[in-house]
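Everything below concerns the one structure shown next.
The values are calculated or read from the model by the stated rules, or taken from the named source; none is laboratory data. Just so it is clear, the structure is predicted and the values come from calculations on it, not from any experiment. Cβ coordinates were reconstructed from backbone atoms using ideal geometry, including for glycine residues, and neighbour counts include every protein chain displayed.
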Amino acid sequence: MTGPAIRVDTTSPVPPYEQIRAQLAALIVTGRLTEGERLPTVRQLAADLGLAPGTVARAYRELEAAELIRTRRGAGTRVAELPSEPKHPNPDQLATLARNFTSAARGLGADTQAILAAVRKALD
């Protein structure tokens, strides 16, 4: 991964693994990280961020569950192929996008009402 850096705010109420997961998911679904692009190893990213490897591993596990990344022995962790035109929304991917948005909104200090108002406005 030579693209944008991941940042973790240890003073945030959002857990570090969730910050990592949300940032990587956003980079993937927006195309800033492309299919096949290699992510740092768990240990490398943990060292870069000054976190425990288990924190990064949890973020990676959640991204794998959402089918945004894939890990293969010997090939490392890479960005997975996103479907070009999904026939039905994938509930896991929708949940990931919702978590990304709410995490970012809460990081800005938005409460539940403000977040819901923003979503309603975006849907109109």
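Laid out as a table, the results:
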| quantity | calculated |
| --- | --- |
| In segment 43-71, residue farthest from SER103 (Cα to Cα) [restricted to those that are free of Cβ contacts under 8 Å to residues at least 24 places away in the same chain and among the aliphatic types (A, V, I, L, M)] | ALA47 |
| Residues being part of a loop (DSSP other than H, G, I, E, B), at pLDDT 90 or above and among the small types (Gly, Ala, Ser) - total across segment 17-48 | 1 |
| Within segment 48-67, considering residues that are of a type in the set (A, V, I, L, M, F, W, C) and more than 22 Å from THR11 (Cβ to Cβ), the one surrounded by the fewest Cβ atoms within 10 Å (Cβ to Cβ) | ALA65 |
| Residue pairs meeting the criteria (Cβ under 9 Å; at least 6 apart or on separate chains; first closer than 15 Å to ALA66 by Cα and of a type in the set (A, V, I, L, M), in segment 86-103; second outside any helix (DSSP H, G or I) and at pLDDT 80 or above) | ALA95/ALA66 |
